[in-house]
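Here is the structure we will look at.
What follows is calculated from the coordinates using simple rules that are stated; it is not laboratory data. Since the model is a prediction, treat every value here as computed from it, not as a measurement. Reconstructed Cβ throughout: ideal geometry from the backbone, glycine too, with neighbour counts over all protein chains shown.
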Amino acid sequence: MAKIAIDPLTRIEGHLRIEAQIEGGKVVDAWSSSTMWRGIELIVKNRDPREVWALLSRI
Amino acid sequence: MQDESLFSDLSKRGISRRNFLTFCSTMAATLGLQSTVVPQIAEALEKKQKPYVVWLEFQDCAGDSESILRSTKPTIAQLVLDVISLEYHETIMAPSGKNAEKSLNDVVKNHKGKYIAIVEGSIPMKDGGVYCCIGGKTAIDMAKEVCGNALATIAVGSCASYGGVAAAAPNPTGAVSVKQAVPNATVINLPGCPMNSENLTATVVHYLTFGALPQCDKEGRPLFAYGKRIHDNCERRTHFDAGQFVRKWGDDGHRKGWCLYEMGCKGPQSYMNCPTIRWNEGTSWPVMAGHGCIACGQPQSWDALGSMYTRLPNVPGSGYQTTADKIGLGVAAAAAAGVAVHAAIRSSKSKSEDKK
């Protein structure tokens, strides 16, 4: 039984970590984690709705 | 440093000598230098070896990477950035995981103090930096190691330069700029959302030619790109001076390309070279496309200048012509009044210029 982790996962936009549990040469379980958070949901709260497009397009 | 010089790569890629020199002239112009330095730039690019570059992404949207990569045709500028020895860039590199980390560690270890670090995205400081981790390391630890040991760090985009989007109120993750996170690093800021790839190219060319980073303002921004106010170089400026404003999206003035100041344009508070170099290979820029400037290259632009569509208060000089027109309605008085108003405009203009 082995566990592998791939971090950083490249050629994607953003930061991603993949962990996989391997038994007998097969992946039996896997986890993905987004390893970056900015809280844009909290940033757009109470803002002028007309400018929210500009913030959210920079996700 | 790599063995091959830049030009040997360009000639292999079918870039003619003539095109290469045209590119050198464009770079000189972008940097605000006289044409006499063109041979110096050309010589440096031909002879100097390619610098090692690592590109780190922290709290980013890859917008600055896109700004570099998304070009409709390969330009020489793109090639210049292509042929620097880009050893690490998460979004475009082939290796993943441990092999990716190795590429980065090798440069930091083997070329300490000689490589250029480019950083895209802000660095979260809150809660021990847990809001951005790469390969199990926090962004703050990575930045300290990579930027702290670099010859110089180029912060690309407003997030790396000022904190940007992530640092907009209430800044949930305690996001800061590269310079704030690693105060001892040599950092040059190329803000903008995204930064303009022409400015990154010009900064790299300046470094290769003169062996030094370009002169900067107090915000750490190179003067060649951020020394002039958008409002002063705007193609709609004459409409501002004439009091011809867009009052509603799609109105007659909007269709005629009048000034967007009343619609919330932040050009009067923004320092960047968008009106002169434009975007997408000089095709257009936001104001040309019909939307006001959002001051994306200014510190804390999401909070500091009010809502995007709220008019900036009291920009000196607005509506001169409106007054002139009102006075000019009286036919007999028109000529004399016109001259008087013109004189008043001249005097108030020079006053406002004196204040700067």
Proximal aspartates and glutamates relative to residue B:48, as straight alpha-carbon distance under 16 Å, when same-chain residues fewer than 8 apart are discounted: B:3, B:4, B:9, B:82
Peptide A:49-55, shielding by other chains (average Cβ, 10 Å cutoff): 4
Could you name the aspartates and glutamates whose alpha carbon sits less than 12 Å from that of residue B:137, not counting residues in the same chain fewer than 8 places away? A:7, B:101, B:145
Env charge @ residue B:185, Cβ radius under 9 Å, K,R +1 / D,E -1, value +2
Protection proxy ranking, peptides B:276-286, B:48-58, average beta carbon neighbours within 10 Å, highest first: B:48-58, B:276-286
Cysteines in the protein assembly as shown lacking a second Cys C-beta under 4.7 Å: B:24, B:61, B:132, B:133, B:147, B:159, B:216, B:234, B:259, B:265, B:274, B:293
Label segment B:97-223 by shape, choosing from rounded, prolate and oblate, from the square roots a ≥ b ≥ c of the eigenvalues of the Cα gyration tensor; if a/c is under 1.5 it is rounded, and otherwise prolate applies when a/b is larger than b/c, oblate when it is not. oblate
Which of the DSSP-defined H helices in chain B satisfy a minimum axial length of 15 Å, computed from C-alpha atoms, and a minimum mean Kyte-Doolittle hydropathy of -0.5? B:17-30, B:197-210, B:331-355
Checking the table A:45/B:266; B:47/B:179; A:45/B:98; B:218/B:266; A:3/B:102; B:218/B:248 against a 28 Å threshold on Cα-Cα, which pairs fail? B:47/B:179; A:45/B:98; B:218/B:248
If each K or R counts +1 and each D or E counts -1, the residues other than residue A:12 whose Cβ falls under 13 Å of its Cβ total -3
Given the -39500 (n - 2.57) contribution per DSSP H run of 4+ residues, what per-residue ellipticity at 222 nm results for the protein assembly as shown, rounded to the nearest 500 deg cm²/dmol? -11000 deg cm²/dmol
quick note, chain B, DSSP beta bridge pairs, % antiparallel (nearest 5) is 30 percent
From other protein chains only, count the Cβ atoms within 10 Å of every residue's Cβ in B:57-64, then give the mean. 4
Segment B:254-289 residues near the modelled residue B:218 label - backbone nitrogen below 19 Å, point 7 Å along Cα→Cβ: B:269-272
What is the average number of partner chain Cβ atoms found within 10 Å of a Cβ in A:28-40? 5
Can you pull the semi-axes for the protein assembly as shown, root of five times each eigenvalue of the Cα gyration tensor, sorted largest first, whole Å? 44, 28, 18
